[in-house]
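Have a look at the structure below, then the notes.
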Amino acid sequence: MRKQRPKPTSKLPIVIAAAAIMLTTIVAFAPVIKNGFVNYDDLDYVTKNPHVQQGLSSDGVKWAFTTFRASNWHPITWLSLMADAQLYKLNPSGYHLTNLIIHLINTLLLFLLLAKLTNSVWKGCFAAALFAIHPLHVESVAWISERKDVLSTFFWFAALWTYSDYVKTRSLSRYIFTLVLFALGLMSKPMLVTLPITLLILDWWPLNRVRTAGDWKQLVVEKLPMFAMSAASAVITVIAQQKGGAVNTLDQLNIGVRAANAAWSYAAYIVKMVLPYKLAIPYPHPKATLPTWQVAAAITAIAAISIIALSQSRKRPYLAAGWLWYLITIAPVIGLVQVGCQAMADRYTYVPLIGVFVMLAYVIKAPNTKITRISAAAASAAAIILLAIISHDQVEVWQNSQTLFNHSIECTRGNYIAHNNLGAVLADEGRLEEAVKHYKAALAIEPNYAAANVNLGVWLNRQNRLDEAIYYFQRALKAEPNSYDAHNGLGVALAKKGYYLQALEEFNTALRLNPESSSVKQNLKIIKYLIAEKSGRTAHTQPDQNNISP
C-alpha cells in the first residue's frame, strides 16, 4: 500500500507562490494588450463575423448553437466572443485582455489543483509556472481566435477540481457538476474529449484509487457518461470539419505520411519545450514521407521515455502519469486525422505539456541539503525568468499580421500560408506589387492553395486582366469547390467580360455558400440589373455598376 499523503501545509507558501506566478505571467504577457487582430481566423471569428459583432442576443445564442462556422461546433466560445464584442466592439485590446485573464485564472487553478492533489506547494508552483510562461503557450493566449483554447482549458481544470472533490466526498452533486463543466468545455473546444482518460490517470496517481487490478473496471464504469459525451462531441466535430472542408482525405494525405508526421511531432514538441526557438504559425505540413532517420529517431526517443516512465510506475508513479497525460491529451491533434494544413502547432501543447511539467517538477527536486536546495531553487527561478523573457518577445511577434507572418517566413521553409497572409496585409496597405510577389511565392510552393489563387485573381480582376483572373479563380475552385470568394471573384471576371448569365450563376453559388456576404449581395443586385437592361427590362433604380466587388 502506498504511503498516505501528508497533511496540507500552511496557506502562506501557497499565497506567496501564487502571487509570484501571477506577477511573472502578467509581466511576460503584458505586451499582448497592445496587439491587434491578425488576418488568420480573426476575421472569421470576430472582425468579419456579423453575428459576433452584434453582441449577445437571442438570435446570436441560437446561431452559436446551430452553426458550424470555422469548421467547428463551439457555441460557448462564440458566446464568449459575443460578450467581448458587446463590451469592446472592434477594439482588439479588450479581446486580448479577456484571453490573458482566462490564462491567469487557468494558471491559478492549475497551481491550486496540483498543490491540493499532491500536497507539494513548490512542485505545483514550478509546474504551474512553466505552464504559465512557456513560449509554446503564447499562441494560445496572444491569438484572439484561440479563445477556444484558454476557455476550454478553464472548464477542464474546473472539472478536475470538482472531480477531486467528488472522489473525496462521493457526492452525487459534485459528479453532476463535473459532467456540466465537461459539457461546457466540449462546447468551447472538443480537445476535451480525452478528459475521461485523464481522470483515470489521476485515479491512479495522485488520487491513489487503484489498489487492485479489479478497481479499474469500477473506475471505467464510473466514467461511462463522460465517454459517451466524448464520443458525441467527436462525431459532431468530424461532421463540422468535413462540412467546412478542413479534413484531409487519405487521397490527399496517405496514412503513412500521417503516421510519420505524428511520430515526429510527438518528439518535436518535447524538443521545442526544451528549446523554444523559431516558434511560428503555421508549421507547413511536409505532405511527403519524412526522412527515415528522422522518424526512427523520434520513435526511438518516445519509446525510450515511455519504457523508462512505465518501468518506474510503482516507485515513481508521477513519471508514468505525467508521460501518459502528454501522450494521450495530444493524440486528438497529432495528425492521424489531419485537419488543416499544419504539421504541428504550438497551441496544441497548452494542456498536454502539463504532464511533462509535472514530471520535471518531481525529477529536479533538490536533495536535503541547504546548499543544493538553494542551488536548485536558483536554477529553477533562472529557467522561469529566461522562459518569461522569451515569451515576452514572442508576444510582440503577434503585434499584427505583418510582424507575425514576416516572422513565420523567417522561421520556416515553404510557408505558403504565411506568404499569402502577408500578401493580403500588404494589399490592404496599397502595396500591391509587394503583395503580388508574396501571392506568387505562395503559389510557387503550393500551386493549388485556394486562398492565394483567389487573392491573385482579385488583383488581376482589378487590372482588367480577366482571362488570367478566370484561370486563377478556376484553379482555386478545383482545389476548394466551396470557396465563396472564388465563386464571387469568378463572377466578377465573367461579368466584366459580358457573360452575365454565367456570372449570375457564380454569384448565386457564392451567396448560397455565404448568405451573409454584403459584397456578393451587391454583385447580385448589379448583375440582375445588367441582365434586365440587356433584355430591355431595366429596373427603375439603376445600381452603380462601378461598385461590383472583386
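The values are calculated or read from the model by the stated rules, or taken from the named source; none is laboratory data. Everything quoted here is computed from the prediction, not taken from an experiment. In this analysis, Cβ positions are derived from the backbone assuming ideal geometry, glycine residues included, and neighbour counts consider all displayed protein chains.
Within region 93-115, which residues are over 18 Å from the mean Cα position of the chain (by Cα) and free of Cβ contacts under 8 Å to residues at least 60 places away in the same chain? Scanning region 93-115 gives 94, 105, 109, 113.
In this structure, does residue 477 turn out to be within 31 Å of the chain's Cα centre (by Cα), outside any loop (DSSP other than H, G, I, E, B), more than 23 Å from residue 402 (Cα to Cα) and not polar (S, T, N, Q)? Yes, satisfied. Residues in region 403-412 that are in contact (Cβ under 8 Å) with a residue 24 or more places away in the chain and either among the hydroxyl-bearing types (Ser, Thr, Tyr) or not in a helix (DSSP H, G or I) (or both): 2 in all.
Rundown of residues vs (1) closer than 26 Å to residue 14 by Cα; (2) surrounded by 24 or more Cβ atoms within 10 Å (Cβ to Cβ); (3) in contact (Cβ under 8 Å) with a residue 60 or more places away in the chain, yes/no style:
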{"residue": "128", "(1), (2), (3)": "yes, yes, yes"}
{"residue": "133", "(1), (2), (3)": "yes, yes, yes"}
{"residue": "137", "(1), (2), (3)": "yes, yes, yes"}
{"residue": "144", "(1), (2), (3)": "no, yes, yes"}
{"residue": "149", "(1), (2), (3)": "no, yes, yes"}
{"residue": "160", "(1), (2), (3)": "yes, no, no"}
{"residue": "166", "(1), (2), (3)": "yes, no, no"}
{"residue": "171", "(1), (2), (3)": "no, no, no"}
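For region 194-228, the candidate set comprises residues that are in contact (Cβ under 8 Å) with a residue 24 or more places away in the chain and outside any helix (DSSP H, G or I); within that set, the residue that is nearest to residue 324 (Cα to Cα) is 205.
Got at least one residue in region 9-25 being in contact (Cβ under 8 Å) with a residue 24 or more places away in the chain, buried (at least 19 other Cβ atoms within 10 Å of the Cβ) and within 21 Å of the chain's Cα centre (by Cα)? Scanning region 9-25 turns up at least one residue that is in contact (Cβ under 8 Å) with a residue 24 or more places away in the chain, buried (at least 19 other Cβ atoms within 10 Å of the Cβ) and within 21 Å of the chain's Cα centre (by Cα). All of 331, 303, 231 fail the test of being closer than 30 Å to residue 133 by Cβ, outside the structural domain of residue 407 (by TED's automatic domain parsing) and either surrounded by fewer than 20 Cβ atoms within 10 Å (Cβ to Cβ) or among the acidic types (Asp, Glu) (or both), apart from 331. Those helices (runs of 4 or more DSSP H) of region 32-117 in which 1 or more residues are touching a Lys or Arg at 6+ places or on another chain (Cβ under 9 Å) and among the polar types (S, T, N, Q) occupy 50-53, 75-88. One residue alone among 145, 188 is in a loop (DSSP other than H, G, I, E, B), at pLDDT 95 or above and within 16 Å of residue 350 (Cα to Cα), and that residue is 188. Remark: pairs (first residue in region 484-508, in contact (Cβ under 8 Å) with a residue 24 or more places away in the chain and charged (D, E, K, R); second residue surrounded by fewer than 24 Cβ atoms within 10 Å (Cβ to Cβ) and part of a helix (DSSP H, G or I); Cβ separation under 7 Å; 6+ apart in sequence or on different chains) = 496/466; 497/466.
Right, residue 240: farther than 30 Å from residue 409 by Cβ and without any contact (Cβ under 8 Å) to a residue 12 or more places away in the chain or not?
So residue 240 fails the test.
Of all residues in region 428-464, those satisfying the criterion of being more than 23 Å from residue 342 (Cβ to Cβ), among the hydrophobic types (A, V, I, L, M, F, W, C) and surrounded by fewer than 20 Cβ atoms within 10 Å (Cβ to Cβ) are 432, 436.
Put simply, of 183, 213 the only residue that is at pLDDT below 95, of a type outside the set (Phe, Trp, Tyr) and in the same structural domain as residue 316 (by TED's automatic domain parsing) is 213. Look at region 374-402: where a residue is assigned to a helix (DSSP H, G or I) and a partner is among the basic types (Lys, Arg), sitting 6+ places away or on another chain with Cβ atoms under 9 Å, you get 376/365; 396/34.
Looking across 420, 464, 482, one residue alone is in contact with a Phe, Trp or Tyr (Cβ under 8 Å, 6 or more places away or on another chain) and assigned by TED's automatic domain parsing to the domain that holds residue 520. It is 420.
What is the number of the single condition among (1) touching a strand residue (DSSP E or B) at 6+ places or on another chain (Cβ under 7 Å); (2) not in a loop (DSSP other than H, G, I, E, B) that residue 426 does not meet? Only one criterion is unmet by residue 426, namely (1).
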